[in-house]
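Computed from the coordinates by the stated procedures, all read-outs in this text should not be read as laboratory data. This is a predicted model, so every value here is computed, not measured. Virtual Cβ from ideal backbone geometry, glycine too; neighbours counted across all protein chains shown.
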Amino acid sequence: MNIIDDDLNELLNDTISPTSNIVFITGAGISAPSNIPTYQGGIIGDQNLWQYNNYDENTLQFFKKNPQQVWQNHLKFMLKVNRAKANAAHIAIDHLLKKFPNNINLITMNIDGLHHMNNKQNNIIEVHGSGHKARCSIHGEPINIHSLSITNATDITNFIKCKKCGSVLRPHILFFDEPYEEQFYFYDKALQYIQKADLVVFVGVSGETTFPEEAALIALNNKTPVININIERNIFGDILALQFNNSQIIEDAVLATPLLCQSIDKLLHRV
């Protein structure tokens, strides 16, 4: 099968020039090949993320009552994340970010940090936070968890206390029942990226959270071309396909994303 077919090549050629702004938006599907469980679909040979942390236990309301339980669930998940490696899809996007910092921006809804594994660029927004960080519930400057002393996931009484004020530390992630706060998640900045984009590329996005829906709506209103890569069809992708002609690539992200990035690389170089 020809992943980058004639219609998609035509779209890319008509859209991309050396001055183009391109935004990648990545979801759980890009990290599933790295053995990171997704929230809904699961991955071959493993459970989905609900096995680690169900909806009710991933809310701010539950955290306030049971911070130790939330931390135990979170650290259990992060143990799996810390064994994971960036895959070909991460690496292909990260290569473009390094090579074309003025043209490419990345917004990820993942908390796994795999985009940062080989890339320290500033043009990455983690719009749902980072599982590798914590912050004080009161004054909250995010800090790297690796700088804290963690011996095991069940004995964390001292670990979850802020060293400055003694208040409870929370994972630096967006809970399901809380709004985006700009100082932590850069939601408005991410939407500005979409507003200025000449092309938006979704990779592994289920569309079941607020951000991708709003990003797609902005792209539609601005008549910005959209490409959607997903291993299987979903409602979000089908809606995109109805609104944006030639937008869907039903294929594994590790196969489709590097090929798409190669095409984008060539077009950003052309005179």
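Rank these for me by crowding, Arg270, Arg233, Arg135, going from fewest to most other beta carbons within 10 Å. Kindly include the intermediate steps, with their values, before the conclusion.
Details: Arg270 9, Arg233 12, Arg135 18.
The fewest-first ordering by Cβ neighbours comes to Arg270, Arg233, Arg135.
Expressed as an acute angle from 0 to 90° and rounded to the nearest 10, what is the orientation of the C-alpha long axis of helix 6-15 relative to the principal long axis of the chain?
Tilt of helix 6-15: around 80 degrees.
Compute the length gained on full extension between Asn221 and Lys196: take 0.36 nm times their separation in residues and subtract their Cα-Cα distance, giving the result in nm to one decimal. Show your work: numbers first, answer last.
Numbers: separation 25, 0.36 × 25 = 9.00 nm, distance 1.22 nm.
Contour length minus the Cα-Cα distance gives 7.8 nm.
What order do you get for Ser130, Ser263 when you list them from fewest to most C-beta neighbours inside 10 Å?
Sorted ascending by nearby Cβ count, the order is Ser263, Ser130.
Hey, fewest Cβ within 10 Å first, where do His139, His132, His116, His74 land in order?
Neighbour counts put them in this order, fewest first: His139, His116, His132, His74.
Just the isolated ones, please: cysteines in the chain lacking another cysteine beta carbon under 4.7 angstrom.
Those would be Cys165, Cys261, since no other cysteine Cβ in the chain comes under 4.7 Å of theirs.
As a test of the formula, what do you get for the chain when each DSSP H run with n ≥ 4 contributes -39,500 (n - 2.57) and the sum is divided by the residue count, at 222 nm and rounded to the nearest 500 deg cm²/dmol?
The per-residue figure over the chain is -11000 deg cm²/dmol.
Which of these, Gly207, Gly129, Gly166, has the largest mean-square fluctuation under a Gaussian network model of the chain (Cα springs below 10 Å)?
Gly166
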